[in-house]
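Read through the structure below, which is laid out as structure tokens, and then see the notes.
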Amino acid sequence: MTTKTVNPKLRNCWHPVGYANTLPADAPTHAKLLDEHIVLWRSKDGTPHAQRDLCIHRGTALSLGWVKDDCIVCPYHGWRYDETGQCVEIPQTENPNIPTKARTPTYRCQERYGLIWVALEEPIYDLPEIPEFEDGSWKIVDTGPYPWKSDASRQVENFTDFGHFPWVHPGLLGDVNRPVVPDYSVEIKDHVLHYTVVRPEAPNSDDFPVFANEDVQTPERRSRYELHLPYTIVLRLGWGGAKGMVYFFVSQPISADACQGYCIIGRNYDLDQPDTVLQGFEDTIFDQDKRIVESQRPEMVPFDLADELHLKFDAVAINYRKAMGQQGLT
């Protein structure tokens, strides 16, 4: 049996490990990132921390324990680890000299855009700047998360694939009577792909009136993308007026054949619409995509361009694969 592995350089990138509102103030949670089991917890001031989910004593998952006095407590023998990963208390002994080996590795951790982010090693890229999410005038809606049995690269490529919209999402994102993908170009700046496309879209459906293309029989949208390697997309879309949306999509690489997507959406219109409308829309879209992507073989994008057939409208996939190779992330 062949063992699938992940690129070690991915450890030097920020990745999401969960929505911030799912990490309580008084209890740890578990996450998996690049095959590493991680325990997440908050200190009294609300700061999130990430450490290896392992007590060095008997290999117990620290995420089964609890938080006390800004330490995480192992549920097996009560050993306490502080935010640096050092064990600071062993209840079974009165010896004040705690072995230096009694510690658990810590990881870089931050909270931003409503997500908890972890980098297993020193990060080489910053998180993208999304001022719309931080100026207070846009309504922000969390959707998902969306766990798929595929590599994160497949989930990202699917999100930015224009050709599938009429066939996988007819009447929601695409129109089967207008399947042609307009010409567009991709520019690579460092680790970010920039591209803009004006493409046909379907009119709003009765169930999901989420786009500002009302009263247009054959609507078009202008979509401006930033694809930040390895697995983050910032999409700004509009319809020629003042109304606009920002889609922030990022995939958590759990392992070589498992990922979890987070889709956070901001908009400056329909501020009173219940969040459940947009959440229901994205649940439907991602469910339609999941069935297709989980059927793809191999589960990871084949970064050798000769392994799959590419046409002109696949410019994003071609440049994504090239850029990932240039950055050493394949």
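The values are calculated or read from the model by the stated rules, or taken from the named source; none is laboratory data. Quantities reported herein were computed from a predicted structural model and do not represent experimental measurements. Cβ atoms come from the backbone with ideal geometry, glycine included; neighbour counts cover every protein chain shown.
Summary table below
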item: Residue match in region 150-165 (condition: part of a strand (DSSP E or B) and either surrounded by fewer than 18 Cβ atoms within 10 Å (Cβ to Cβ) or in the same structural domain as Y231 (by TED's automatic domain parsing) (or both)); result: no
item: Any chance Q217 is assigned by TED's automatic domain parsing to the domain that holds Y146, over 23 Å from the mean Cα position of the chain (by Cα), over 21 Å from V301 (Cα atoms) and at pLDDT below 90; result: yes
item: Close pairs from region 83-95: first over 21 Å from R42 (Cα atoms), partner surrounded by 15 or more Cβ atoms within 10 Å (Cβ to Cβ) and charged (D, E, K, R), Cβ under 9 Å, at least 6 apart; result: I90/R80; P91/R80
item: Residue check, V168 at pLDDT 90 or above, exposed (fewer than 15 other Cβ atoms within 10 Å of the Cβ) and within 28 Å of R291 (Cβ to Cβ); result: no
item: Hey, V176 without any contact (Cβ under 8 Å) to a residue 12 or more places away in the chain, surrounded by fewer than 16 Cβ atoms within 10 Å (Cβ to Cβ) and at negative phi or not; result: yes
